[in-house]
1. Using a 1.4 Å probe over the heavy atoms of the protein chains, calculate the carbon and sulfur portion of the accessible area of region 49-178 as a whole percent.
2. Please report how far the C-alpha centroid of region 150-172 lies from that of region 101-145, rounded to the nearest whole angstrom.
3. Would you mind checking region 60-81 for residues with the amide N under 12 Å from a putative spin-label position 7 Å along Cα→C-beta of residue 129?
4. Taking Rh as the Kirkwood radius, which is the inverse of the mean 1/r over Cα pairs, what is the Rg/Rh value for region 49-178?
5. Work out the charge dipole of region 49-178 with +1 on the Cβ of Lys and Arg and -1 on the Cβ of Asp and Glu about the Cα centre, then indicate which of 172, 57, 82 is farthest towards its positive end.
6. Could you provide, to the nearest whole Å², the per residue accessible area of region 49-178 with probe 1.4 Å?
7. When the dipole is taken about the Cα centre of region 49-178, and only Lys, Arg (+1) and Asp, Glu (-1) are charged at their Cβ, what size is it in debye, to the nearest 20?
8. Quick check: residue separation of residue 141 and residue 75 times 0.36 nm, minus the Cα distance between them. What number comes out in nm?
Amino acid sequence: MACADVDMDIHGEELLLRGDQLEPPVERYYQATEIVPDVEGPLHSLLQKQPAVLGAMQVVSGILSVALGILFSVTQDMNESLFTLFRVSQLTGFLFIIAGVASSLLFKYPALLTVSFAVNSGCIAVAVVAACLISFDLAQWDDNDHLKLEALELCVLGFEAVLSAILCFWFTKERHAKTP
């Protein structure tokens, strides 16, 4: 281990020998004459809005969507609904997990802006199709237990689509701000 031998006692005024006389040390204060501005990195204005937080919310809601899809596919026959037939919940869940990871990595890898924009745009398109399939199933069913699960999935899907729409709006603003 490192050890230092430092005198910790409090001493009175120390005097310096200058020429033939003892004088107190000269104190000098330095002050910056100019404030140097911080260099803004790429995507600075976008990263101030914290897209990683929305990306983390996308990942969590994607995991919830996958879990609901697994629960739904275990409790229901495959041909009973379009929701389970096309594995809507699992598909949208995995897409939103990927979109959330891409949005969260923008801070470290700004080059992922176009990839994240494309994935989030694709998620919105898939969410619209999935919402149509779920709505069609909700209109045809009489079983209340499955209706509650599908309604919950529709709410999660709406939440995911809103998150992706916000991110796409921010990404579009950032792309237009970069081009002169």
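1. The value for region 49-178 is 73 percent carbon and sulfur by accessible area.
2. With region 150-172 and region 101-145 each reduced to a Cα centre, they are spaced 7 Å.
3. Zone members listed by number: none at all.
4. Using only Cα positions, Rg/Rh for region 49-178 is 1.04.
5. Result: 172, furthest along the dipole toward the positive end.
6. 51
7. 1020
8. 22.2 nm
The values are calculated or read from the model by the stated rules, or taken from the named source; none is laboratory data. Being a predicted model, the structure only gives us computed values, none of them experimental. Cβ sites come from the backbone with ideal geometry, for glycine too, and all protein chains shown count toward neighbours. These accessible areas exclude ligands, DNA and RNA; they are computed on the full protein's heavy atoms, side chains included. Shrake-Rupley method; radii C 1.70, N 1.55, O 1.52, S 1.80 Å.
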